[in-house]
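So the structure is just underneath, and the comments pick up after that.
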Amino acid sequence: MAWQERISEAGARIAAHVRRTPVMQVELAGVPVALKLEQMQHTGSFKARGAFNTLLQTAVPEAGIVAASGGNHGAAVAYAAARLGHRARIYVPEIAGPSKIALIRAQGADLQVVPGAYAEAAARAAEWRVATGAMEVHPYDAEATVAGQGTVMAEWEDQGLDADTVLIAVGGGGLIAGALGWLGARRRVVAVEPETSCALHAALGAGAPVDVEVSGVAANALGARRIGEICLGLAQAQGVQSVLVRDAAILEAQALLWRELRQLVEPAGATALAALLSGAYRPAPGERVAVLICGGNIAPDPLA
């Protein structure tokens, strides 16, 4: 089945369970840009789309659901599982931070916080799956996840997206893979990663997935140690441009979204915009640019 067909089916499947998030056409630092505000999705990120798409088309075993997450995926899986009446165990690393850990706990999941980064949480989740027969909901490298995330771009086009180029932040690659699956060659997609968490950039350079070290201000959302196979295959096939941004540029983009638009987002949610504002990506004259704002679970929670 072609990716567009998978994504169309996912959109129909999850429509009653996710929000149709708003879009804006604005000027920031003198640059006109279209924004999709997916931080306004359930649990504060696009991840609810992939979680619902997975659970709504699969028979969940008696052992329930298991997921590993840097934070946002875990919250989305816990939310979807609770709404659909399933038990969920979520493994997160300590670097997820207190805000995201509290968000997952609030959804009612069996939360397991483990030392280290995402890779350690993933290893523990795999052990639980083998031991119990629980169903894993992968955060990025599964067809159902990617198709669910692709509904963001399908929805945005339905809302009248007017852009030549779309900038998307990349962690494990589920979101950008969904966008590539939906768009094909109809628009340019640019991958944006922090300099200190750049699994796709490294894989494109090596020609295959490779392990990278992860750190920095967006590591609890974009800190996948190894890019997903689905993402890399689509990125290679479509010749995706990959750009890197510094933490300082991410934090400045995050601050600008608040100062100018009163949009409070986490560093990962500002990463794609950072590429445009810092000059890491320079549009050609007349090029129409769009940026996907992907997450809003800022830490610490300013109203906690």
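The values are calculated or read from the model by the stated rules, or taken from the named source; none is laboratory data. Keep in mind that this is a model prediction, so the values were computed, not measured. Here the Cβ positions follow ideal geometry from the backbone for every residue, glycine too, while neighbour counts run over all protein chains shown.
Structural remarks
- Qualifying residue in segment 31-46 (condition: touching an Asp or Glu at 6+ places or on another chain (Cβ under 7 Å), modelled with pLDDT of 95 or more, within 30 Å of T165 (Cα to Cα) and surrounded by fewer than 24 Cβ atoms within 10 Å (Cβ to Cβ)): yes
- Residues in segment 251-273 that are within 16 Å of the chain's Cα centre (by Cα) and touching a residue at least 24 places away in the same chain (Cβ under 8 Å): V265, E266, P267, A268, G269, T271, A272, L273.
- Restricting A304, A284, A299, A275 to those that are touching a Leu at 6+ places or on another chain (Cβ under 9 Å), among the hydrophobic types (A, V, I, L, M, F, W, C) and farther than 20 Å from R19 by Cα reduces the list to A275.
- Any pair with Cβ under 6 angstrom, 6 or more apart, that starts in segment 8-29 at a residue that is closer than 25 Å to A78 by Cβ and ends at one that is outside any helix (DSSP H, G or I): R13/L56; R19/Q41; T21/L37; T21/Q41; P22/L37
Table: residues versus (1) in contact (Cβ under 8 Å) with a residue 40 or more places away in the chain; (2) over 24 Å from M1 (Cβ atoms); (3) assigned by TED's automatic domain parsing to the domain that holds M24.
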position	(1), (2), (3)
T165	yes, yes, yes
V170	yes, yes, yes
G174	yes, no, yes
L180	yes, no, yes
E195	yes, yes, yes
H201	yes, yes, yes
G205	no, yes, yes
E213	no, yes, yes
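- Count of residues meeting criterion [crowded, with 24+ Cβ neighbours inside 10 Å, at negative phi and part of a loop (DSSP other than H, G, I, E, B)] in segment 52-75: 2
- Matching residues in segment 121-136 - criterion: being crowded, with 17+ Cβ neighbours inside 10 Å and not aliphatic (A, V, I, L, M): R124, W128, R129, E136
- Here is the figure for segment 76-94: residues that are part of a helix (DSSP H, G or I) and buried (at least 17 other Cβ atoms within 10 Å of the Cβ) total 6.
- Any hit, segment 245-267, residues being surrounded by fewer than 18 Cβ atoms within 10 Å (Cβ to Cβ) and in contact with a Lys or Arg (Cβ under 9 Å, 6 or more places away or on another chain): no
- Note on segment 222-241: residues that are in contact with a helix residue (DSSP H, G or I) (Cβ under 6 Å, 6 or more places away or on another chain), surrounded by 18 or more Cβ atoms within 10 Å (Cβ to Cβ) and closer than 27 Å to D164 by Cβ amount to 6.
- Filter result for the condition that a residue is over 19 Å from D141 (Cβ atoms) and buried (at least 24 other Cβ atoms within 10 Å of the Cβ), over L303, L273: L273
Okay, residues lined up against (1) within 22 Å of Y140 (Cα to Cα); (2) modelled with pLDDT of 95 or more; (3) in the same structural domain as R20 (by TED's automatic domain parsing):
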residue: A219; (1), (2), (3): yes, no, yes
residue: V240; (1), (2), (3): yes, yes, yes
residue: V243; (1), (2), (3): yes, yes, yes
residue: A253; (1), (2), (3): no, yes, yes
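- Test: A59 is free of Cβ contacts under 8 Å to residues at least 12 places away in the same chain and under 13 Å from V137 (Cα atoms): yes
- Condition check for T21 on (1) in contact with a Leu (Cβ under 9 Å, 6 or more places away or on another chain); (2) surrounded by fewer than 21 Cβ atoms within 10 Å (Cβ to Cβ); (3) in a helix (DSSP H, G or I): one failure, at (3).
- Flag if G97 is assigned to a loop (DSSP other than H, G, I, E, B), modelled with pLDDT under 90 and closer than 25 Å to P267 by Cα: no
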